[in-house]
Amino acid sequence: MKVSHLNDKFFSRLETLSLNLKSDLAGYFGGRHLVKTYGQTVEFSDFREYQLGDDIRRIDWNLYSRFEKYFLKLFTDERQMKVQIFLDCSASMGKDNPEKQAYAIATAAAMGYLAVHNMDKVTFNFMTGNKCENPYGTIIGKNAFLRAISGLESMEFDGEDADIRACVTSSQDLSRGNGLSVIVSDFFTEYDWKAAVDYLLYMKRQVLLVQVVTPDEADPAYDGRVSLFDSEATNAADPKNMKMRITRGMQQAYQEALKDYYADMKAFCNKRGVSYVRVRTDDPIERVFFGQLLKAGIME
């Protein structure tokens, strides 16, 4: 059965939030993000002494009458951010789990809505195998966003394991230093996703990783003899599919390996100043935005 978290109530609650950029933008004028450089807005910031070549129209003549020196008025600069959302559409993200698929879609859609609500640009990049597709182009404004959402909800998550590095580095949508790149995935992959993060940082982008996991992935309760099928296997004879007997010792080993993997992800992100949140599909979707992302500093 199709599951969806997207409705008017969900989006209206998001309007109380805004995306928080941690570094200055090199993007377009006309947005709502204040940066440290001085610009053309009406919000006063500071004064400095006149230097040869400055625009004399900015001279504050009141200060000149008091100090007999020329001072310029400086105003804050506002820029428009570009939010790039990379969504893992491989089979492990929801082929046999509608809730995981719906959770990933809702996370991507909410990030996109926050972008357009704050006058930013947004793109959705769908990753399967080593291919990255951007079917909607650059979205500006809520009307264009809502048209894209109808297509987003009908996405089928049945592709091959996403090579996140190849998808990110080959994306024609990538631009330098003008905003936030978000990767939504379970990150249970054999490919080198860390290289994708390093490439985004090289492109001077702020990076957010959202890891989506199900209760069964976080705490499996299988016991005894079972048949395991890889949702991304190409055929039934794929060696990833197997029959085995699961013991308590194997469950404990899985938990330890998963704990180590989480710790490695967190350490990697902390070292590089990358924001990282891990969400479970049995938690309310609102908790991601009004709890975890606020705590991580992505929202304000």
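What follows is calculated from the coordinates using simple rules that are stated; it is not laboratory data. What you are looking at is a predicted structure, and each value in this text was computed from that prediction instead of being measured. Please note: Cβ atoms are built from the backbone with ideal geometry, for glycine as well, and neighbour counts cover all protein chains shown.
Structure notes:
- Fewest neighbouring Cβ atoms within 10 Å first, the residues Leu63, Leu200 line up as Leu63, Leu200.
- Pairwise FRET efficiency - Asp60 versus Ala296, Cβ, R0 = 41 Å, nearest 0.05: 0.50
- Label separation (Ala218 vs Asp283): 0.6 nm, computed from points 7 Å beyond Cα along the C-beta direction.
- A simple count of charges around Asn97, restricted to other residues whose Cβ falls under 11 Å of its Cβ and scoring Lys, Arg +1 and Asp, Glu -1, yields -3.
- Net charge of neighbours whose Cβ lies under 11 Å from the Cβ of Val213, counting Lys and Arg as +1 and Asp and Glu as -1: -3
- Checking the Cα-Cα distances for Lys204/Lys259; Lys95/Lys121; Lys9/Lys100 against a 28 Å cut-off, the pairs over it are Lys204/Lys259; Lys95/Lys121.
- Exposure proxy for Lys204, Lys82, Lys194: other Cβ atoms within 10 Å of each Cβ, ordered fewest to most, give Lys204, Lys194, Lys82.
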